[in-house]
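The structure under discussion appears below in the form of structure tokens.
The values are calculated or read from the model by the stated rules, or taken from the named source; none is laboratory data. Remember, it's a predicted structure, so these values are computed and weren't measured experimentally. Counting neighbours? That spans all protein chains shown, and the Cβs are built from the backbone with ideal geometry, glycine included.
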Amino acid sequence: MSTDNTIILLKEDHQLLTKSLEQDANFAVLNEEDKKAIKDKLTNAQQVSADDFPNTVSRLYDKITIRNIKDRINIQYQIVPPAERDHWNGKISAISPLGIALMGVTKGQNIVTHTRNRKQYYAVMEVINAMYI
């Protein structure tokens, strides 16, 4: 559904996340490369209405299970607005590097993140739509 540069976002999610960029303290301390990547994904996102949004594509409040390909470990995250992040309970901000990578993904898709000068490779194992949680 989405490519490396273009993601599908619900219009309301896009508005909330774009507004959050200016207010989120954690976003403010990211390096310039990460900030630019997040802003670019939001700028290039295909905005879709709730009626047209595919239920197989991840969005805010969905739970996504990803598999670290190297370590062979499954991890489940829930993507939330920045103000609701809670790393201890698996809730990650949608405007963090991993959070934005998980926005707009579908089961079976592969994603790559860059952290501390190394790449992490993940496979999306499951997307649980928030309306079914």
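Of the conditions (1) surrounded by 15 or more Cβ atoms within 10 Å (Cβ to Cβ); (2) modelled with pLDDT of 95 or more, residue 73 satisfies every one except a single condition; which number is it?
(1)
Do you know which of the residues in segment 82-133 that are hydroxyl-bearing (Ser, Thr, Tyr) and more than 22 Å from residue 55 (Cβ to Cβ) is surrounded by the fewest Cβ atoms within 10 Å (Cβ to Cβ)?
115
Under the condition of being assigned to a helix (DSSP H, G or I) and out of contact with any Leu (no Cβ under 7 Å at 6 or more places or on another chain), which residue from segment 40-67 is farthest from residue 110 (Cα to Cα)?
Looking at the filtered set, the residue picked out is 51.
Check whether at least one residue in segment 36-52 is modelled with pLDDT under 90 and within 26 Å of residue 117 (Cα to Cα), and report yes or no.
Within segment 36-52, one or more residues are modelled with pLDDT under 90 and within 26 Å of residue 117 (Cα to Cα).
Looking for something of a type outside the set (D, E, K, R), over 25 Å from residue 27 (Cα atoms) and at pLDDT 95 or above - is there at least one such residue anywhere in segment 80-92?
Within segment 80-92, none of the residues are of a type outside the set (D, E, K, R), over 25 Å from residue 27 (Cα atoms) and at pLDDT 95 or above.
Of the residues that sit in segment 70-107 and are charged (D, E, K, R) and in contact (Cβ under 8 Å) with a residue 24 or more places away in the chain, which one is nearest to residue 23 (Cα to Cα)? Write out each step before concluding.
Start the filter on segment 70-107 by keeping residues that are charged (D, E, K, R), which leaves 70-72, 84-86, 91, 107.
Now restrict to residues that are in contact (Cβ under 8 Å) with a residue 24 or more places away in the chain: 70, 85, 107.
Numbers: 70: 35, 85: 14, 107: 31 Å.
So the residue we want is 85.
Just for segment 61-96: of the residues that are within 20 Å of residue 35 (Cβ to Cβ) and among the aliphatic types (A, V, I, L, M), which one is farthest from the chain's Cα centre (by Cα)?
83
Kindly indicate which of 68, 31, 44 is surrounded by fewer than 17 Cβ atoms within 10 Å (Cβ to Cβ) and within 19 Å of residue 122 (Cβ to Cβ). Reasoning before the result, please.
On the way: 31 fails: within 19 Å of residue 122 (Cβ to Cβ); 44 fails: within 19 Å of residue 122 (Cβ to Cβ).
Just a single option satisfies the conditions, and that option is 68.
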